[in-house]
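Each remark here refers to the structure printed beneath this line.
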Amino acid sequence: MNINYTVAALMFPAIPLLMTVYNNRFHTLSALIRKIHDEFIFEKHIPAQWEKQFSNLHKRIKIAKYTMMFAALGFFFNMVTVFALYLDNLYVAKMIFVSCCTSVLISIVFFIVEIHISTRALNLHMSDMDFKR
């Protein structure tokens, strides 16, 4: 495969867009945690399923951290790829671009896992309702 600036440029709009999506999910997650914390501290309101919810929230925070970290690494590797192309070092550019793509793929896998955990948390939250599906 021949790599040039165009190939590296394909990742530039994608990675920041992914990072924005990840950041929005993290912001929503942090707002939820703050809300639950306030309910617990100020209202002493402790629903029965909170222990499982806390476990899910803890997992989601951890996964969100890795999701954003790998996306940032992908962006970093993409920048280094452009720099290697600038220095006319095609072999290094190819290897670093592979690292860029791998980092972004790992980030997406973590994002999918986080969505799965989030869905389980919503099902757990609805478990106290007696509606038939």
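The values are calculated or read from the model by the stated rules, or taken from the named source; none is laboratory data. This one's a predicted model, so the numbers in the text were calculated from it and none came from an experiment. Note that we place each Cβ from the backbone using ideal geometry, even for glycine, and neighbour counts take in every protein chain shown.
Might you let me know whether region 23-33 holds any residue that is part of a helix (DSSP H, G or I), at pLDDT below 80, over 10 Å from the mean Cα position of the chain (by Cα) and among the hydrophobic types (A, V, I, L, M, F, W, C)?
no
Which residues, taken from region 10-20, are part of a helix (DSSP H, G or I), out of contact with any helix residue (DSSP H, G or I) (no Cβ under 8 Å at 6 or more places or on another chain) and either farther than 28 Å from Asn89 by Cα or aliphatic (A, V, I, L, M) (or both)?
Those that are part of a helix (DSSP H, G or I), out of contact with any helix residue (DSSP H, G or I) (no Cβ under 8 Å at 6 or more places or on another chain) and either farther than 28 Å from Asn89 by Cα or aliphatic (A, V, I, L, M) (or both): Leu17, Thr20.
Could you give me the residue pairs with C-beta distances under 6 Å whose first residue belongs to region 31-59 and is closer than 19 Å to Glu114 by Cα and touching a residue at least 40 places away in the same chain (Cβ under 8 Å), whose second residue is among the aliphatic types (A, V, I, L, M) and in a helix (DSSP H, G or I) wherever it lies, and which are 6+ apart or on separate chains?
Lys52/Leu124; Asn56/Ile117; Asn56/Ala121; Leu57/Ile33; Lys59/Ile117
Matching residues to (1) closer than 26 Å to Leu122 by Cα; (2) modelled with pLDDT of 85 or more; (3) among the small types (Gly, Ala, Ser); (4) exposed (fewer than 15 other Cβ atoms within 10 Å of the Cβ):
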site	(1), (2), (3), (4)
Ile36	yes, no, no, no
Lys62	yes, yes, no, yes
Lys65	yes, yes, no, yes
Leu73	no, yes, no, no
Asp88	no, yes, no, yes
